[in-house]
Every structure is written in structure tokens, then in C-alpha cells.
């Protein structure tokens, strides 16, 4: 195991010209490249509570890091630390801190930043945590485990399982080829082109906007917010789609449109209106409204959809591809 503690990504770093002052602050930029040792780099773990993190996959086998530090004055800037640890199993770990990580910060955190831009091998798995700001992951094939705290999350063109958490930062996912599990408390979730076996998203307050979703098992939940879904069901060479879509909001409206030619059994319940577009429906037990789209078949051959809003409206429609 090798550990490096540096103020400006020193060692083999190639730093910009001397630090300068901008708008009453001191700024310093450093660069470092980490090559694989005995094993390929398989995972990159980042813990940066002091700024933004941007991770992007590339075709090389190394990890390149660019750090940009901001502080109100030179003495505080020199106490900003980035620690790099390389494990024998192929894991690269990056952490940031003020001082040596054991002392309590003496300077105003609002005036301090360490922003990290990291290029990783495409096959590496990414684990990243920030305290606030922005967390971005792009063009990786090993999946990601992301925690943004009070910050936002953006994921673009990622393969493998993705897990994302935030408190009050919005989350946006575009082109994910794998299972996705996203949770937030007070935020909006936007999903576009999700292709995996499982898609799960939960929020307390905010909206979920999911478009071009083709996961086999879709489960979206909100307490106080609207949910809009544009889903696709693939039959795999014309065979039945046996997936499930469950969408539920306590106080918001639910609107689901499915592009499908397969058989679907739909159940919906709402405190307001229930609308099934383009198909007959009938009343079931406990205020459920039921409908079937496509040709009749055995229950095991049906895709199932359940939609619910206790105080809002529910609308469902099928669009032929």
C-alpha cells in the first residue's frame, strides 16, 4: 500500500504557474497521474467534503487527477490536503481535508474549496462522496456508488449497477445500462434512457421524470410530488414481457405512458381521477380500476402495472411503437 499526502498534488505533479489571487481568494492547481502497479486499477474511491468531483472514463489504464484549491489566504491554502492511497488490490483512494484531517477546521469553510477532476479507466468502478456542490460521473463501465449529501448528482453514459443518494440535491441520469437505485429527500429526479434489469427511485418531496425507461422491474415512489413515466417494454423477439411497473405517489399526480405491443394488465387507484386512454376499464375491489391491454393470455404471460395516488390523479396510456 502506498500513501501520499500533498498540498498541491505534488510528487510527479505537473503544476500550473505559481498560485494567484482572484476576487480576494488564493487559487492553486495541481496534477498527478497514477499508473497501475501489479494489478490493473479496478476501483476509484473519492471522498471530498470540500468541493465538486467530476469523474470521467478514458481508454488508458491510469488515473489522472487535477485538483483546484481555493482559500481566502495563503496560510489556509497550504493546509488544504489531498491524500492519495493505492491498495494492492487495484483500488485508488482519494480524500480531502483541512489540516491533517484530525484537527477541527479553524477557517470559515465557506471560503474553502477543493475541486477534483479525475480520469479513470473505463472498466473501473467509481465510489464517490461529496458534502455539497456537484458530483458527476461520465463514460464508465464499472458502475458507481454515489453520495452527494446536500449536492447534486449527474450520471451520463454509465454501464453497471448505479446507486445514488442525496439529501436535497437534484439527480439526473442519462443513458444508464444497468440497475439503478436512486434515493433523495427533497429533490427532483430526472431519468432518460435507462436500460437495466431493475430501476428503483424514491423521493420524499420533489418530482420524478422518467423517459425512455426499459428496465424489466420499475418501482418509483414519492411522498409529495408528481411522477411522469415514459416506458418501453421489450418482448425479446416477440415473446411476452413479464416485467412489472409500480408507480406510487401519496400527494402527487401519476402519469404513465407505455410503448408496447405485449400484453399488459393494469391496476390503478387514486383519490382523484383515474383515466385509462384507449382501452376499456372496469371497477375492482377497494376502489381499484382494472384494465387489460393487448391480447388475452395466461396471468404468467402478462406484464403487470400498478399505479396509485392517494390524493392525486392517475393517468395511463399505451402507445404502439
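FYI, it's all coordinate maths here, none of it is from the lab. Worth saying up front: this structure is predicted, and the values here are computed from it rather than measured. Because the Cβ atoms are built from the backbone with ideal geometry, glycine has one as well, and the counts that use them run over all protein chains shown.
The fewest-to-most ranking of 138, 69 by surrounding Cβ atoms within 10 Å reads 138, 69. Rounded to the nearest 0.05, what FRET efficiency do residue 62 and residue 150 give with R0 = 45 Å and r taken as the Cβ-Cβ distance? Could you check? E(calc), rounded to 0.05, equals 0.90.
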